[in-house]
Amino acid sequence: MNSIIQIKGLTQVFSNSGNDETIIHQLNCEFSKNEITAIVGPSGSGKSTLLSLIGSLEKPTSGTITFDDMDLNKLKNAELSSFRFEEIGFVFQQFHLLPSLSVFENVMAPFLTKKVGFGKNERVKEVIQQVGLEHKSRALPSQLSGGQQQRIAIARAIVNRPSWILADEPTGNLDSTNSELIFDLLVDLHETQRCGLIFVTHDLNLARRAHRIIHMQDGRIVEDKKGERVC
Ligand code: ADP
Ligand code: MG
């Protein structure tokens, strides 16, 4: 399920103080779940906007995004919310953990209003263990290092076994050692859980480790090439 994302004629126009600005220009592209794709490009080139559109956090001005046979434009808001819960795990540069909740509660958060056919507590414990932080379950985010916080954010992203992980500069706030560790974890999830992985980065060393590198500029793909040193 959900092995290909097809993007056709994708355009996003934002209105900034009365002026329409085209941020994504008639973009055509495909992503395969079997590949790790890096998106690189200067600040303001539309990388985050593209990731938000793919993850249905935003609706496009025009164009289509299709996950296998499912066209996101055809889904109502409630269906989009279910789609995100079932299929997409987001990881952000700023972690976005809830500061007053424990590690365990943060990872549980996606399940709070949802019914699932398995034990939520066991699944939360399992993913915290998977990211190597079972000894921190009761800690608050402020008691963790940046690298540990990002591991918990990743645990939260995968707790419902998404088909795809969309990561927007996941290592942007980390030093090089922690960046490598976080990237290794994402690669491991791609390989062992078969999650498709699309990540935005400024770190060309990490981008080279992807199977594919897409270079964006001014809302367009200006280069689409193979990585040099896969994983
Ligand atoms: P990148 O992630 O490559 O740095 P973004 O996708 O965040 O780029 O932003 C691209 C451009 O779109 C920027 O000029 C930004 O100001 C603009 N932009 C992004 N989101 C919005 C929004 N919700 N409303 C208006 N302008 C936006
Ligand atoms: Mg961005």
I'd like to verify a number: residues in the range 192-224 that are part of a loop (DSSP other than H, G, I, E, B) and either closer than 28 Å to Arg161 by Cα or open to solvent by less than 10 Å² (accessible area, probe 1.4 Å) (or both), how many? 10
Return the residues of the range 104-160 that are free of Cβ contacts under 8 Å to residues at least 60 places away in the same chain, of a type outside the set (Ser, Thr, Tyr), in a loop (DSSP other than H, G, I, E, B) and open to solvent by 10 Å² or more (accessible area, probe 1.4 Å); say none if nothing qualifies. Leu112, Lys114, Lys115, Val116, Gly117, Phe118, Gly119, Gly132, Arg138, Ala139, Leu140, Leu144
Scan (1) surrounded by 14 or more Cβ atoms within 10 Å (Cβ to Cβ); (2) more than 28 Å from Phe14 (Cα to Cα); (3) away from ligand 2 (no atom under 16 Å from the Cβ); (4) not basic (Lys, Arg) for the single condition Asp184 breaks and write down its number. (1)
Across the range 1-59, what is the number of residues that are exposed (fewer than 14 other Cβ atoms within 10 Å of the Cβ), within 22 Å of Glu223 (Cα to Cα) and within 16 Å of ligand 2 (Cβ to nearest atom)? 3
Looking at this structure, is Asn173 assigned to a loop (DSSP other than H, G, I, E, B), in contact (Cβ under 8 Å) with a residue 24 or more places away in the chain, in contact with a Gly (Cβ under 6 Å, 6 or more places away or on another chain) and open to solvent by 30 Å² or more (accessible area, probe 1.4 Å)? yes
Residues that are more than 16 Å from ligand 2 (Cβ to nearest atom), in a helix (DSSP H, G or I) and either touching a Lys or Arg at 6+ places or on another chain (Cβ under 7 Å) or within 20 Å of Asp168 (Cβ to Cβ) (or both): does the range 60-70 have at least one? no
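The values are calculated or read from the model by the stated rules, or taken from the named source; none is laboratory data. The structure displayed is predicted, hence computed values, not measured ones. So basically every Cβ, Gly included, is an ideal-geometry build from the backbone, and we count neighbours across all protein chains shown. Heads up: the accessible areas ignore ligands, DNA and RNA and are worked out on the full protein's heavy atoms, side chains in. Shrake-Rupley method; radii C 1.70, N 1.55, O 1.52, S 1.80 Å.
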